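All remarks here apply to the structure that follows.
The values are calculated or read from the model by the stated rules, or taken from the named source; none is laboratory data. If you're wondering where the values come from, they're calculated on a predicted model, not measured in any experiment. Here Cβ is always computed from backbone atoms with ideal geometry, including for glycine, and neighbour counts include all displayed protein chains. Just so you know, the surface numbers come from the protein's heavy atoms only, side chains and all, with ligands and any DNA or RNA stripped out. Shrake-Rupley method; radii C 1.70, N 1.55, O 1.52, S 1.80 Å.
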Amino acid sequence: MTAIARFGASQLRIEDDRFLTGAGRYIDDIVLPDMAHAVLVRSDRGHARIRSLDVAHARAADGVLLVVTGPEWAAAGYKPIPTKNPVRKFRDGRPFAEPARHCLAVDTVRHVGEPVVLVVAETREQAVAASELVSINYDDLDAVVHQSAAIEPAAPELWQVAPGNICVDFELGNRAEVEAAFASADHVVTLEVVNNRVLSVPMEPRGCIGQWDAANGSATIWNSSQNIHANRDVFADMLGLDKAKLRHLAPDVGGGFGAKNCLYPEPPLLVHASRLIGGRPVKWVATRTESFTSDAHGRDQVSTVSLALDNDGTFRALKVATNGNIGACCGTMGAFTPTNGSARTQGGPYAFKAMLYEATAVFTNTVQTDPYRGAGRPEASFHIERIVEHAARTLGFDPIALRRQNLIPTSALPWKTPMGLLVDSGNFQRVLDDTLKLAGHDSLATRKAAAKAKGKRIGFAIAPYLECSGGQPTEEARVTFRADGTVGLAVGSQSTGMGHETALSQILSARLGIPLARIRYAQADTALTRIGGGHGGSRGIELGGNAVMKAADTIEGKVRVIAAHLLNSRADDMEFADGVARDRTTGQSVTIAEVIRAAGDPARLPAAIGVAADASALDTTEVYERQQITIPNGCHAAEVEVDPETGFVKVVGFWAVDDFGRIVNPMLADGQVMGGIAQGLGQALFEQVVYEPGSGQLLTASFMDYTMPRADDMPPLDIAYFEDAPTTHNPIGSKGAGEAGCCGAPPAIVNAVIDALAEWGVTHIDMPVTPEKVWRAINGR
């Protein structure tokens with residue numbers, strides 16, 4: 001790493017030395033002096049009133065320092081956990097329903113896993129033992145767990161503020177044009193599509209430490225979180241603190257996938273507990289069962305998708321009506337995923353002029369749903385790709401040709417969709433053709449015949465997708481030049497395993513000619529950067545990378561001035577490349593290392609540049625603000641082998657061609673695509689959160705019951721990129737890469753299964769496509 005990094009080159013991850021040698025520092029690795037430990041007593045009921053609560057024995061147990069109940073928490077005057085739901089009104093103008101979500105249940109529990117009592121003790125073992133002495137008497141209530149059942153007239157209601165269990169409804173699109181197109185189209189095809197409820201299942205469970213500082217009236221929260229700054233602001237408001245009085249930071253974080261973006265009750269509870277026990281730090285780390293019953297879940301939509309098209313296959317209009325299950329409360333982003341999140345990219349990369357998306361967000365007695373990798377874009381991709389495949393097979397079109405003829409033509413760009421999305425660049429036909437070539441589509445018939453001779457069936461499908469970036473629109477990068485020759489880089493954007501430490505340092509190294517080995521990267525600490533958007537919406541390079549690039553541009557301007565002074569030249573005559581500033585008229589030059597040394601010595605600086613004590617004149621902080629979201633896109637293809645005797649599905653090949661604009665580090669981009677495909681494959685074939693109707697009991701609360709894909713379930717992955725159409729919406733030209741696999745994999749795999757089962761007349765199977773479902777479809781059962 002003594003070399004200067006190159007933009008666009010695969011660079012081994014800097015952080016992997018730390019992770020692979022056991023030197024990573026995760027939340028459970030942090031041990032603070034005099035630290036106490038917390039355990040939460042959680043509801044074992046799906047829906048019940050708390051009739052009585054006895055914590056006397058728990059308070060008297062060995063080592064117990066504190067027990068807090070819901071009524072005690074509410075009496076302390078702290079605010080409920082708010083929602084950032086961007087849809088604040090019903091279509092008729094009524095305000096959306098936002099029930100009060102306290103950190104501990106006050107009088108009613110509404111899902112299995114809801115926290116009821118906090119127990120703090122000297123050791124975790126003592127806290128667990130004391131928690132088992134808590135006695136809770138419940139009056140059970142009927143529970144409703146499916147969104148379709150929850151909106152039935154006789155369904156039990158969760159909240160008085162939400163009649164009919166409806167949080168909000170939503171509409172986006174051009175209704176009149178859609179209705180006219182459907183009325184005049186030659187064909188209308190309709191399909192009910194289920195996006196199954198799934199878990200993000202990060203390798204590291206959630207955890208946090210809270211500590212109160214009475215002397216300063218401040219607090220610190222260490223948190224396994226992917227959203228430090230925004231959540232700090234909310235926690236401070238809940239606790240009645242000025243945000244400057246709350247430091248929020250994350251150590252290494254072992255995966256997030258959206259679930260660690262969310263607001264949870266544990267961090268403010270631990271600050272409260274620390275305050276009551278004299279400022280001692282209090283630590284809580286979730287068990288895996290707690291993760292299943294309290295981490296935000298994802299997806300969970302039931303949608304009716306209708307496509308209007310003409311006899312020649314031209315798409316006329318798309319209409320989608322979705323019921324989204326948002327769980328027992330609004331969650332951090334509330335109804336965002338089934339409303340705005342799923343609306344924006346409806347229609348995918350196809351040239352629709354008329355689209356309508358309607359949604360209803362529904363409360364149920366389940367864990368809240370919140371953004372999970374893609375947050376609506378994978379759901380939208382599944383809508384369009386399933387209905388296109390269904391239309392092709394029911395009306396007799398070739399599925400690939402039907403897609404190709406309806407893609408947005410390059411000549412029509414920039415293209416504004418009826419959902420308001422501005423598609424500025426791309427080449428969708430080229431990407432589709434590149435995918436077919438990569439997949440060896442020309443020899444597919446041979447592979448199908450060989451499989452059939454062995455009693456198996458091969459199915460193949462493609463899934464063009466179009467998504468958009470997201471997350472907070474501003475980001476900060478802070479670069480400091482230290483006396484020991486190292487360079488500090490602090491960024492508000494955050495990695496939970498994606499490689500930001502490498503990619504963002506790579507940008508600074510390539511731009512300024514500073515060796516990677518000299519860069520010291522820091523993230524996820526409100527004491528280091530004033531603002532930060534954390535991680536979400538594929539924003540790492542688009543926001544964090546461009547913030548670093550902006551800071552590097554400013555630094556280069558300073559380098560020119562200082563270099564000119566050192567060479568007795570004019571700044572206008574200086575050129576800078578590969579870490580060397582050169583006077584283009586005299587040929588004299590000075591390296592970036594020499595400029596860095598001079599920048600810390602006021603005696604060697606021009607009068608126009610001042611420098612504070614113990615600082616460098618090159619120290620720079622810049623904020624980058626996104627003006628327009630970007631539109632990542634691509635085409636994925638899957639080949640599956642189905643055993644008709646057992647219904648077993650094996651994905652035997654997967655190919656992806658992605659347009660992420662300009663790529664900083666292809667190896668890291670590969671990792672993002674691979675991870676997304678793995679999660680998309682999991683949703684397509686294996687994963688599903690299941691609750692028992694009536695009781696609300698979670699039936700998939702462990703890895704014994706919730707089926708995760710394993711290494712041998714993954715096919716060989718062939719990944720390529722199309723970089724000929726970088727976005728013009730940011731200086732780097734990047735479009736985001738994090739959610740592509742979740743957009744392309746589920747429809748490609750499901751449609752490939754449908755292709756394999758074509759001879760049995762099977763046209764639809766809901767995810768997850770289990771062997772039982774396939775066997776029943778083949779056998780007409």
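Would you confirm whether any residue within segment 31-43 is outside any loop (DSSP other than H, G, I, E, B), in contact with a strand residue (DSSP E or B) (Cβ under 7 Å, 6 or more places away or on another chain), among the charged types (D, E, K, R) and touching a residue at least 12 places away in the same chain (Cβ under 8 Å)? So far as segment 31-43 goes, yes, one or more of its residues are outside any loop (DSSP other than H, G, I, E, B), in contact with a strand residue (DSSP E or B) (Cβ under 7 Å, 6 or more places away or on another chain), among the charged types (D, E, K, R) and touching a residue at least 12 places away in the same chain (Cβ under 8 Å). Scanning segment 307-337 for residues that are open to solvent by 10 Å² or more (accessible area, probe 1.4 Å) and either among the aromatic types (Phe, Trp, Tyr) or in contact with a strand residue (DSSP E or B) (Cβ under 8 Å, 6 or more places away or on another chain) (or both) yields 310, 311, 315, 316, 319, 321, 323, 329, 336, 337.
Restricting segment 554-576 to residues that are touching a residue at least 40 places away in the same chain (Cβ under 8 Å), open to solvent by 50 Å² or more (accessible area, probe 1.4 Å) and not basic (Lys, Arg) leaves a set whose member that is nearest to residue 480 (Cα to Cα) is 561. Pairs meeting the criteria (first residue in segment 603-614 and within 15 Å of residue 557 (Cα to Cα), second residue among the small types (Gly, Ala, Ser) and part of a loop (DSSP other than H, G, I, E, B), beta carbons under 6 Å, at least 6 apart or on different chains) are 605/617; 609/617.
To keep it simple, each residue is scored yes or no on (1) within 27 Å of residue 676 (Cβ to Cβ); (2) part of a strand (DSSP E or B).
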| site | (1), (2) |
| --- | --- |
| 465 | yes, yes |
| 469 | yes, no |
| 488 | no, yes |
| 504 | yes, no |
| 510 | yes, no |
| 517 | no, no |
| 520 | no, yes |
| 529 | no, no |
| 532 | yes, no |
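Taking the listed residues 360, 364, the one that is among the hydroxyl-bearing types (Ser, Thr, Tyr) and open to solvent by 10 Å² or more (accessible area, probe 1.4 Å) is 360, with no other qualifying.
Which one is surrounded by the most Cβ atoms within 10 Å (Cβ to Cβ), of the residues in segment 256-299 that are more than 14 Å from the chain's Cα centre (by Cα) and at positive phi? Ranking the candidates gives 279 first.
Quick check on my filter: what residues within segment 232-247 are open to solvent by less than 10 Å² (accessible area, probe 1.4 Å) and in contact (Cβ under 8 Å) with a residue 40 or more places away in the chain? Hits for segment 232-247 are 238, 246. Checking the stated criteria, residue 381 turns out not to satisfy the condition of being in contact with a His (Cβ under 8 Å, 6 or more places away or on another chain) and either surrounded by 24 or more Cβ atoms within 10 Å (Cβ to Cβ) or among the aromatic types (Phe, Trp, Tyr) (or both). Evaluating residue 753 against the criteria (1) surrounded by 24 or more Cβ atoms within 10 Å (Cβ to Cβ); (2) in contact with a Gly (Cβ under 8 Å, 6 or more places away or on another chain); (3) aliphatic (A, V, I, L, M); (4) not in a helix (DSSP H, G or I) leaves one unmet condition, (4).
Taking residue 61, is it assigned to a loop (DSSP other than H, G, I, E, B), farther than 29 Å from residue 333 by Cβ and open to solvent by less than 30 Å² (accessible area, probe 1.4 Å)? Yes. Hey, does segment 92-102 have a residue that's touching a Leu at 6+ places or on another chain (Cβ under 6 Å) and open to solvent by 10 Å² or more (accessible area, probe 1.4 Å)? Within segment 92-102, not a single residue is touching a Leu at 6+ places or on another chain (Cβ under 6 Å) and open to solvent by 10 Å² or more (accessible area, probe 1.4 Å).
Taking segment 652-662, which residues are surrounded by 24 or more Cβ atoms within 10 Å (Cβ to Cβ) and out of contact with any Gly (no Cβ under 6 Å at 6 or more places or on another chain)? Matches in segment 652-662: 654, 655, 656, 660. In segment 429-457, the residues that are within 19 Å of residue 644 (Cα to Cα) form no Cβ pair under 6 Å with any partner that is modelled with pLDDT of 95 or more and surrounded by fewer than 16 Cβ atoms within 10 Å (Cβ to Cβ), whether six or more places apart or across chains. Pairing residues of segment 82-93 that are at negative phi and hydroxyl-bearing (Ser, Thr, Tyr) with residues that are at pLDDT below 95 and in a loop (DSSP other than H, G, I, E, B), at Cβ distances under 6 Å and at least 6 apart in sequence or on separate chains, gives 83/334. Confirm whether residue 31 is within 27 Å of residue 496 (Cα to Cα) and of a type in the set (Val, Ile, Thr). Judged against the criteria, residue 31 is a match. Taking segment 147-226 and the strands (runs of 3 or more DSSP E) fully enclosed by it, the elements with 1 or more residues that are of a type in the set (A, V, I, L, M) and within 30 Å of residue 25 (Cβ to Cβ) are at 207-213, 218-223.
For segment 76-91, the set of residues classified as farther than 30 Å from residue 357 by Cβ and open to solvent by 70 Å² or more (accessible area, probe 1.4 Å) consists of 79 only. The set of residues in segment 562-581 that are closer than 22 Å to residue 616 by Cβ and touching a strand residue (DSSP E or B) at 6+ places or on another chain (Cβ under 8 Å) comprises 563, 564, 566, 567, 569, 574, 576, 579, 580, 581.
The single residue among 677, 631 that is in contact with a strand residue (DSSP E or B) (Cβ under 7 Å, 6 or more places away or on another chain), touching a residue at least 24 places away in the same chain (Cβ under 8 Å), surrounded by 24 or more Cβ atoms within 10 Å (Cβ to Cβ) and part of a loop (DSSP other than H, G, I, E, B) turns out to be 631. On inspection, residue 344 fails the criterion of being within 22 Å of the chain's Cα centre (by Cα), over 27 Å from residue 181 (Cα atoms) and open to solvent by 10 Å² or more (accessible area, probe 1.4 Å). Within segment 473-504, the set of residues being more than 20 Å from residue 20 (Cα to Cα), surrounded by 22 or more Cβ atoms within 10 Å (Cβ to Cβ) and at pLDDT 95 or above comprises 475, 476, 477, 479, 481, 487, 489, 491, 504. Among the residues making up segment 592-625, those that are assigned to a strand (DSSP E or B) and open to solvent by 30 Å² or more (accessible area, probe 1.4 Å) are 621, 622, 623, 625. Checked against the criterion of being more than 17 Å from residue 417 (Cα to Cα) and either in a helix (DSSP H, G or I) or in contact (Cβ under 8 Å) with a residue 24 or more places away in the chain (or both), the candidates 366, 339, 345 yield just one match: 366. The numbered conditions (1) closer than 24 Å to residue 194 by Cβ; (2) touching a Lys or Arg at 6+ places or on another chain (Cβ under 7 Å) are all true for residue 680 except (2). Answer yes or no: is there a residue in segment 685-697 that is outside any loop (DSSP other than H, G, I, E, B), in contact (Cβ under 8 Å) with a residue 60 or more places away in the chain and more than 17 Å from residue 746 (Cβ to Cβ). Yes: one or more hits.
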